[in-house]
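Some notes on the structure that comes next.
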Amino acid sequence: MTPGRDPAARRAADRWPEKGMQMEAIVPLLVVLPLGAAFAIVVLASLPTRREPGGSVPLGQRAALPLAAIIVAANLAISVRLLGGDVGPMFIGGWSPGKTLGIQMICDGLSKLMAVTINLVALASIIFAKAYMRRFTKVWLFSSLFLLMTAAMNAVVLAGDLFNLFVFLEVAAIASYALVAFGCEAEELEAAFKYLVLGTVGSAFILLGVAILYSLTGQLNMAMVASLLPKAGSSAVLLAAAALIAGLALKAAMVPFHAWLPDAHPSAPAPISAMLSGVLIKASGVYALARVVFNVFGPTGAYATVLMVLGAVSMVVGVFLAVGQWDFKRLLAYHSISQMGYVVLALGAAAAVLARGGERAVAGLCLFGGLFHLFNHAAFKSLLFLSSGSIEQQTGTRQLKEMGGLSRRMPVTSFCCRVGALSIAGVPPFNGFFSKLIIIIGLTLAGYPLLAALAVLVALMTLLSFIKVQRYALEGPPQGSIAAVTEAPASMGIALALLAIVCIAGGLAMGPLREHLFAPAGEILLNGRFALGTGVLP
Amino acid sequence: MGTAIYVLTFGLLVVGIYAVVAKKNIIKIIVGLLIVDYAINMLLVLMGYRNGGGAPILVPGESQAQMTSSVDPLPQAMVLTSIVIGLGLTALMVAMAVRLYEKYGTFDMSRIRRLRG
């Protein structure tokens, strides 16, 4: 795969002579590296090896996890490097729309934000997995599926045409079905099967929507579909939008499409729970939803209402279901629904402001709040899932009532868990506080004071729920067997500390983060149907 | 032809969704998902179909104008991809069904309920 030498890319290269070309050359690596490594791991692990003394695991299989960690770290470096540069449109294999139909990759502000988020969480999860996955056999298979999922998510956020978006959503989904069932215990299989059935129905709806859009416009490229749709102007566009939004809302686990999430996320191994809750529902759900609604259909009143209703209902229902939970991971899973509700509500409010031609600054504030919360949620929810995994590993339980006094027995894990809990509960100065505050201010300015009040209420319920976690898991007298637990291995601590630092720094460094990460991403969504440019046709 | 074939395709989609929603047996749910898959593949092929159109292959000596009367090849490529994805998914679903049967001794979804709502 090499970036095409078409006029558009050459123009971009002329503007940034050496930097532009270099940037475009490294973007496909985000997908190619993990995808290649995922297959290489399977080949390495299946190589016939001499039986080693002591029946230890062959070298080819032992190398899988470190290799995966190196690839993910390289991906993070690439995605951070991309932040500084300006990347023109890229066409795979030199096929550009000028000649015939081409496959386009887009790497704009929104894609860059998502790529950084995905690879950051993936790095923390794979470091954590080193110690955590010892309980499982076939860790190489885990590494391979993990890389496949990461590659597919990177490809989803870089996809410039609708069909590629669908294909990589499916690749990410299939890898995640297999990872949820990785333990092969009864509950895990049951959860994975439910997830698989609902996920497949969701994918079918997405493909249906893509098919209708293709029949209306004769194009799959997002920018061209966006520019041709107003001419199509029929009720079939609404049908396509309904199919796409339903399918993507299912992937994002918006209420009423949420039934699979509270089963699937807690059943997976902890690093995978962190990946699923931390980035998969965002990359294949919220990101795709935002991209399609804002940049393909264009934000109009009807879509804004749908997004706001989905967001507000998810936010409220999710938190009410979470408060009553005693299983730590299940509680976290319900909070994922609720917190994603915040993001979608903020996106919907921004779309509503844009649709009625309101102030761009207000819409921009809502978008900043939503995207900032999306990033923050990736950091603190994966931190919480990883610390739940570390607690589960050391104590052997996930029930909050059976824990207690862990702050003395496991100081590092408890400290990081506390940072995550305070962040999600919205306590200043952690990152969750700022993003929720911005969403609430944005909603008020956009003219939805009732929804803002609802968001405050949900924030209070979240705080309540995490006070329960603190009280039962970390404080209080240790229960029976818990008294003897020890701190988790160092690699787990490193992964937790990495995410805890992101949580704290996210709040303190909001200004620079906004300037370099969120403002360019918000700009893309603000520009609506024209963001991807119509200049792809010569 | 005309709209009848679209109605039939839509009917196929509804039958598939009915099977997924209403059936309790895992194997029937899997078959339902496959029917949904087929319905959408069918729709994709229909979108590229042109009455009396030939294969979209440009032979030397043939003018580009003749290409406009051929069927649209892009949806066929999409269907091919979609079929391959469906193959992978079916293998995974059936493998999972076998494992579920080993654990629970039944294919009945209503009796596979160890997770609380």
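Coordinate-derived values only; no laboratory data. Bear in mind that the values here come from a model prediction, so they are computed numbers and not experimental data. Here the Cβ is made from the backbone with ideal geometry for all residues, glycine too, and neighbour counts use every protein chain on show.
Before moving on, here are some points about what is shown:
- Against the main long axis of the alpha-carbon atoms of chain B, helix B:73-104 sits at an angle near 10°.
- Spherically averaged projected area of region A:458-528 from its Cα convex hull (nm²): 8.2 nm²
- Other residues lying with their Cβ under 14 Å from the Cβ of A:M224 contribute a combined charge of +1, Lys and Arg counting +1, Asp and Glu -1.
- The value of relative contact order for chain A, using C-alpha pairs under 8 Å at least six residues apart, is 16 percent.
- Legend: mean number of C-beta atoms from other chains within 10 angstrom of residue C-beta atoms, peptide B:96-103, equals 5.
- For region A:245-302, the spread of Cα positions along each principal axis, largest first, Å: 40, 20, 13
- Cβ-defined net charge surrounding A:V157, 11 Å radius [Lys, Arg +1; Asp, Glu -1]: +2
- Mean silhouette area of chain B, derived from the convex hull of its C-alpha atoms and averaged over all directions, reads 9.7 nm².
- Using the Cα coordinates of region A:281-372, the gyration tensor eigenvalues translate into equivalent-ellipsoid semi-axes of 27, 12, 11 Å, sorted from longest to shortest.
- Compactness index (Cα Rg / 2.2 N^0.38 Å), region A:411-538: 1.44
- Net charge contributed by nearby residues that have their C-beta within less than 15 Å of B:V21 (K/R +1, D/E -1): +4
- For chain A, convex hull of alpha carbons as volume per residue, Å³: 140 Å³
- Principal axis dimensions, region A:438-489 - Cα atoms, whole angstrom, descending: 54, 23, 10
- Computed from the Cα positions only, the extents of region B:68-117 along the three principal axes stand at 57, 22, 13 Å, in decreasing order.
- Binned Cα-Cα distance frequencies in region A:60-163 - 5 Å width, integer %: 2, 12, 19, 19, 15, 12, 10, 6, 3, 1, 0
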